[in-house]
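The next block holds one structure in the form of structure tokens; read it before the comments.
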Amino acid sequence: MCGIVGYIGTKNAVDIVYKGLQQLEYRGYDSAGIAAISGGELLLEKEEGKLINLEKHLSKFPTTQEIAIGHTRWATHGKPSRENAHPHATEMFALVHNGIIENYEEIKSELIKEGYRFQSETDTEVIVVLLQKLYDELKSIEGAIAKTFSRLEGAFSLGILAKDDPESMYLVKQGSPLVIGRGSGENYFGSDITTFAEVAKYAIFLNDGEWAKVTKDSIELWDHDGNAVKIKPTPINWTPGSADKHGYRHYMLKEIHEQPAVISKAITNFVEGNQLNSEALGVNALACEKITNISIVACGTAYIAGMLSKYFLEDLTSLPVNVDLASEFRYRKPHMLKEGKTLVIAVSQSGETADTLASIKHAKEAGCQIMSVCNVAYSSIDRESDSTLLMQAGPEIGVASTKAFTSQILCLYLWANAFSQRIGTLDQIGVEKMLEKLSSLPVHVNSAMNCEEGIHDIVNRFYEFPNFLYVGRGPSYPIALEGALKLKEISYIHAEGYASGELKHGPIALVDKHMPIVALAPKDDYYDKTISNIEEIKAREGLIIGVGDDQDQTLKRLCDAVIACPQVDNAAFQAILTTIPIQFLAYYIAVKRGTDVDQPRNLAKSVTVE
Ligand code: AGP
């Protein structure tokens with residue numbers, strides 16, 4: 001997803017902005033660029049592809065410039081190319097943009113009629129040309145920015161340089177995240193706090209409708225109507241996660257292997273002796289006694305974690321639980337949203353997913369209580385929520401979510417227990433029984449890692465198949481969906497996840513000796529029915545990769561291959577354990593196929609556009 005960065009101060013602005021862009025690489029992008037003001041001139045370099053392609057041009061900037069803006073682009077309008085890369089510029093302005101301008105075609109045709117010409121296919125270039133036009137008419141930078149702002153529709157966080165004002169950066173915030181980092185004698189801005197968290201002392205989060213003028217010693221903020229807004233600096237206490245690969249070939253492999261530690265850390269954070277830490281779990285900030293129903297909203301893997309949590313949330317709380325894709329939820333008139341009584345739980349690793357953020361705002365308008373399960377402190381979703389359960393899983397850099405997924409499962413499960421205890425549907429004895437099983441989970445997760453060694457034979461046998469099916473019952477059904485999502489997003493193989501019981505309602509027509517099927521068969525309440533499904537697949541010559549107990553002779557007899565995982569008698573913990581083999585399977589198939597595992601094509605780590 002697009003990311004914007006800026007710096008003004010006394011140091012080498014281009015270097016600082018380039019480093020800020022590197023912090024945003026994890027978001028996924030296809031081109032990048034930097035603009036600076038030096039010697040009264042706007043200087044600009046941009047390139048298609050990764051930052052390394054831009055780095056070759058940085059020497060064209062003088063080392064003296066003290067103000068610069070930068071951008072990593074994830075193409076929305078116009079293909080990835082140098083012409084479409086940001087910054088976009090006119091004679092007076094250079095501009096970077098994160099978001100989508102929904103009325104850009106209308107504005108562009110007006111400007112073309114007035115004789116303006118465009119170099120790119122982007123919506124963004126319309127902003128800077130409109131800005132230039134209004135500046136030519138008003139002869140005021142701030143006037144032109146305010147009038148441009150009022151004309152635009154859609155989501156946009158903007159960073160703007162004006163050649164005639166080399167002492168200032170101008171910012172506009174609407175829909176997409178934008179935060180200022182305040183230093184001493186220097187100031188920063190970025191799409192998220194990671195771009196400056198290690199160098200700035202305070203963060204100032206802009207709200208929708210606000211715009212700012214930032215010099216190296218001052219920050220002025222106005223609302224959409226031009227009224228001054230008091231800035232609210234948030235101290236930054238950032239402990240940078242070890243965001244390097246530590247010898248692993250890919251971030252994704254490192255993050256798969258971090259899972260035992262992440263699970264252990266969650267236990268330390270959320271369990272105190274024989275009690276759950278209801279404060280850290282975000283229970284105390286909610287009016288729990290008022291809640292009559294729960295609605296979970298999320299996207300992608302986070303949505304699947306939400307699907308899985310429904311199985312134990314309903315069981316523990318005896319409350320109805322809905323799970324919705326955020327991209328659907330935000331446009332529906334959901335009548336189940338009862339003011340004060342519906343708890344909306346937003347699940348998001350990045351805390352910046354546009355659809356999930358919009359769903360929270362939609363639910364807030366209906367008066368719902370909002371809780372988020374999130375991995376990034378100070379993120380937009382964190383700040384929009386009444387209560388946030390910070391997963392503290394450490395930075396997840398690989399676009400394909402792994403440790404965040406298993407962390408989400410555990411966090412949602414522990415929250416469900418603490419919430420149930422609070423509303424009286426779970427007693428202390430129940431909590432202690434659960435905690436006893438929880439205490440051995442890190443060991444089981446660690447031993448689940450052992451399947452990595454034996455997986456290569458299976459990978460070598462199946463990596464060239466063009467299609468896969470994943471099937472599971474009960475809590476294994478969401479894990480089947482997750483397995484299919486992992487495989488398709490990093491290996492580009494078409495893969496679908498199904499509830500095993502659904503096979504005979506259509507998908508079994510796909511089963512023949514050319515179709516590998518990953519069958520999740522833990523020794524749980526659904527085991528016998530799952531074995532029946534596997535028999536049905538075998539009767540049609542399907543190629544079966546079983547995931548289950550390595551002592552399960554039935555599974556070994558029926559399957560072409562078995563990936564072993566530890567067995568436990570807790571559905572949430574078993575789901576975590578069953579996830580690990582399918583993560584390794586997807587990872588090593590993708591490596592075998594030579595795809596960009598950490599930054600797969602077309603994908604972004606944080607989808608900040610709708
Ligand atoms: C998962 O592997 C994908 N990268 C994607 O589906 C992701 O889970 C989704 O975009 C939600 O992201 P979030 O958790 O940051 O909101």
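Here are some notes:
Yes or no, residue by residue, for (1) crowded, with 20+ Cβ neighbours inside 10 Å; (2) within 16 Å of the ligand (Cβ to nearest atom); (3) outside any helix (DSSP H, G or I):
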residue: LYS232; (1), (2), (3): no, no, yes
residue: ASN237; (1), (2), (3): no, no, yes
residue: LYS245; (1), (2), (3): no, no, yes
residue: ARG249; (1), (2), (3): no, no, yes
residue: GLU255; (1), (2), (3): yes, yes, no
residue: LYS265; (1), (2), (3): no, no, no
residue: THR268; (1), (2), (3): no, no, no
residue: GLY282; (1), (2), (3): yes, no, yes
residue: ILE294; (1), (2), (3): yes, no, yes
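- Counted residues, the stretch 564-586 - those being assigned to a helix (DSSP H, G or I) and more than 13 Å from the ligand (Cβ to nearest atom): 12
- Of all the listed residues (LEU558, LEU585, LEU577, LEU603), the sole one being in contact (Cβ under 8 Å) with a residue 12 or more places away in the chain, open to solvent by 50 Å² or more (accessible area, probe 1.4 Å) and touching a helix residue (DSSP H, G or I) at 6+ places or on another chain (Cβ under 7 Å) is LEU603.
- Cβ-Cβ contacts under 9 Å between residues 6 or more apart (or on different chains), taken from a first residue in the stretch 138-163 that is without any contact (Cβ under 8 Å) to a residue 12 or more places away in the chain to a second residue that is buried (at least 22 other Cβ atoms within 10 Å of the Cβ), are listed as LEU138/ALA144; GLY143/TYR135.
- If the condition is being under 20 Å from GLY190 (Cβ atoms), modelled with pLDDT under 95 and open to solvent by less than 40 Å² (accessible area, probe 1.4 Å), then the stretch 71-96 contributes THR72, ARG73, ALA85, HIS86.
- Condition met for ILE508 (open to solvent by 10 Å² or more (accessible area, probe 1.4 Å), more than 28 Å from GLY28 (Cα to Cα) and within 31 Å of the chain's Cα centre (by Cα)): no
- Residue within the stretch 331-351 that is buried (at least 24 other Cβ atoms within 10 Å of the Cβ), part of a helix (DSSP H, G or I) and within 16 Å of the ligand (Cβ to nearest atom) present: no
- The stretch 209-247, residues that are within 14 Å of LEU171 (Cβ to Cβ) and either modelled with pLDDT under 90 or hydrophobic (A, V, I, L, M, F, W, C) (or both): TRP211, ALA212, VAL214, ILE219, LEU221, TRP222, HIS224, VAL229, ILE231
- When each of GLU453, GLU496, GLU464 is tested for being open to solvent by 40 Å² or more (accessible area, probe 1.4 Å) and within 18 Å of ILE537 (Cα to Cα), the lone residue that passes is GLU496.
- Residue, nearest to the ligand (Cβ to nearest atom), within the stretch 301-326, restricted to residues that are open to solvent by 40 Å² or more (accessible area, probe 1.4 Å) and in a helix (DSSP H, G or I): TYR303
- Matching residues in the stretch 97-118 - criterion: being crowded, with 16+ Cβ neighbours inside 10 Å and among the polar types (S, T, N, Q): ASN98
- Just one of (1) touching a Leu at 6+ places or on another chain (Cβ under 6 Å); (2) free of Cβ contacts under 8 Å to residues at least 12 places away in the same chain fails for LYS488. It is (1).
- Residue check, ASP528 open to solvent by 10 Å² or more (accessible area, probe 1.4 Å) and not in a helix (DSSP H, G or I): no
- Any chance ASP164 is over 24 Å from the mean Cα position of the chain (by Cα) and open to solvent by 40 Å² or more (accessible area, probe 1.4 Å): yes
- Taken over the stretch 587-610, residues that are within 18 Å of LEU253 (Cα to Cα), within 11 Å of the ligand (Cβ to nearest atom) and out of contact with any Gly (no Cβ under 7 Å at 6 or more places or on another chain) amount to 1.
- Boolean, GLU489 is under 27 Å from VAL597 (Cα atoms) and more than 16 Å from the ligand (Cβ to nearest atom): no
- Boolean, SER359 is within 13 Å of the ligand (Cβ to nearest atom), outside any loop (DSSP other than H, G, I, E, B) and either open to solvent by less than 20 Å² (accessible area, probe 1.4 Å) or at pLDDT 90 or above (or both): yes
- Search result, residues across the stretch 362-376 that are within 16 Å of the ligand (Cβ to nearest atom), farther than 19 Å from SER176 by Cβ and either in a strand (DSSP E or B) or open to solvent by 40 Å² or more (accessible area, probe 1.4 Å) (or both): ILE370, MET371, VAL373
- Selection count, the stretch 381-406, where residues are open to solvent by less than 10 Å² (accessible area, probe 1.4 Å) and either near the ligand (Cβ under 10 Å from one of its atoms) or under 29 Å from ILE204 (Cβ atoms) (or both): 11
- If you go through the stretch 27-48 and pick out every residue that is over 17 Å from VAL96 (Cβ atoms) and open to solvent by less than 20 Å² (accessible area, probe 1.4 Å), you end up with 0.
- Candidate set: the stretch 200-217, residues that are in contact (Cβ under 8 Å) with a residue 60 or more places away in the chain and of a type in the set (A, V, I, L, M, F, W, C); chosen: the one surrounded by the fewest Cβ atoms within 10 Å (Cβ to Cβ): PHE205
The values are calculated or read from the model by the stated rules, or taken from the named source; none is laboratory data. As the structure is a computational prediction, the values presented were derived from the model and not from experiment. Cβ sites come from the backbone with ideal geometry, for glycine too, and all protein chains shown count toward neighbours. In case anyone asks, the SASA skips ligands and DNA or RNA and just uses the protein heavy atoms, side chains included. Shrake-Rupley method; radii C 1.70, N 1.55, O 1.52, S 1.80 Å.
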